[in-house]
1. Restricting to region 83-93, give me the number of residues that are open to solvent by less than 40 Å² (accessible area, probe 1.4 Å) and assigned to a helix (DSSP H, G or I).
2. Report yes if Gly63 is closer than 24 Å to Cys105 by Cα, open to solvent by less than 100 Å² (accessible area, probe 1.4 Å), modelled with pLDDT of 80 or more and part of a loop (DSSP other than H, G, I, E, B), otherwise no.
3. Among residues belonging to region 40-60 that are more than 16 Å from Ala85 (Cβ to Cβ), assigned to a loop (DSSP other than H, G, I, E, B) and open to solvent by 50 Å² or more (accessible area, probe 1.4 Å), point out the one that is modelled with the lowest pLDDT.
4. Looking at region 68-82, which of the residues that are touching a residue at least 24 places away in the same chain (Cβ under 8 Å) and closer than 18 Å to Glu99 by Cα is surrounded by the fewest Cβ atoms within 10 Å (Cβ to Cβ)?
5. So, in region 91-131, of the ones that are farther than 25 Å from Glu47 by Cα and among the hydroxyl-bearing types (Ser, Thr, Tyr), which residue ends up modelled with the lowest pLDDT?
Amino acid sequence: GVSLALAGEAEGAPRSPTRGGEHDKRRPRKRETYAYDRVFGPEVGQEEVFGEVSEFVQSALDGYQVCLLSYGQTGSGKTHTMQGAGSGPMRGIIPRAMEQVAAYCAQQRTRGWAYEMEVTYVEIYNEQVRDLLGEDAGAPTTRDFGRAESQSGLEVRRDPKTGRVFVDGATRRPIDPADAAGGAPPPHG
C-alpha cells in the first residue's frame with residue numbers, strides 16, 4: 001500500500017486562525033496518515049486504471065457488494081476517470097465495466113442463464129445528491145447528511161438484512177449490457 005501523510009501545519013507550529021482571527025486553542029492540529037492501495041499519477045492511462053479495478057467488477061458479478069469511489073479535488077480528473085471520453089482508449093471505468101459485464105452475460109447466456117439488470121446513476125457532490133437518470137437530472141438536491149432524507153425525496157438507506165446501502169427514490173433504468181454500447185444509459189432530460 002501507499003501511505004500519505006497530510007498535515008495542515010507542522011508539529012509545534014502556531015495554530016491556524018479561526019474565522020474571527022483568533023487562534024483555535026481547543027483542538028491542536030495533528031498529523032493525519034491515510035493508507036491507499038494505489039495512487040495513480042497523471043501519466044497513468046485509463047486502461048491501467050481499469051486493470052487495477054476490474055477485479056471489483058468480477059466480484060460484483062460473483063455476488064459481492066462493491067463500491068468504486070472517485071475522490072479528489074475539483075479538476076483532478078474524477079469524472080474523466082469514471083466516464084472517460086469516446087469509445088476508444090480514453091473510455092473510463094464505467095464503460096469498461098459495462099463491457100466486462102456484457103462479456104460475462106454473453107458467456108453465461110450460452111449456458112442457459114438469463115439476466116435482468118437495472119442501473120441507478122447518482123452523484124454526491126458538496127453534500128448534494130443528484131439522480132443523473134432522473135427527469136430533473138440537472139437540478140441538484142440539497143442533502144443534509146445528519147438526516148436521512150433529501151429535499152427531492154431521495155433517501156440514502158441501508159438494508160438491515162443485507163447491509164446494502166442504496167439511494168431510495170433514485171431512477172432505476174433496465175438495461176441490457178450487450179445493448180449499452182459500452183456504457184451506462186445516457187441521462188434523459
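The values are calculated or read from the model by the stated rules, or taken from the named source; none is laboratory data. The model shown is predicted, which means the values in this text are computed figures rather than measured ones. Because the Cβ atoms are built from the backbone with ideal geometry, glycine has one as well, and the counts that use them run over all protein chains shown. Just the protein is used for accessible areas: all its heavy atoms, side chains included, with ligands, DNA and RNA removed. Shrake-Rupley method; radii C 1.70, N 1.55, O 1.52, S 1.80 Å.
1. Matching residues across region 83-93 total 1.
2. yes
3. Of everything passing the filter in region 40-60, Phe40 is modelled with the lowest pLDDT.
4. Here the residue is Leu68.
5. Among those that are farther than 25 Å from Glu47 by Cα and among the hydroxyl-bearing types (Ser, Thr, Tyr), it is Tyr125.
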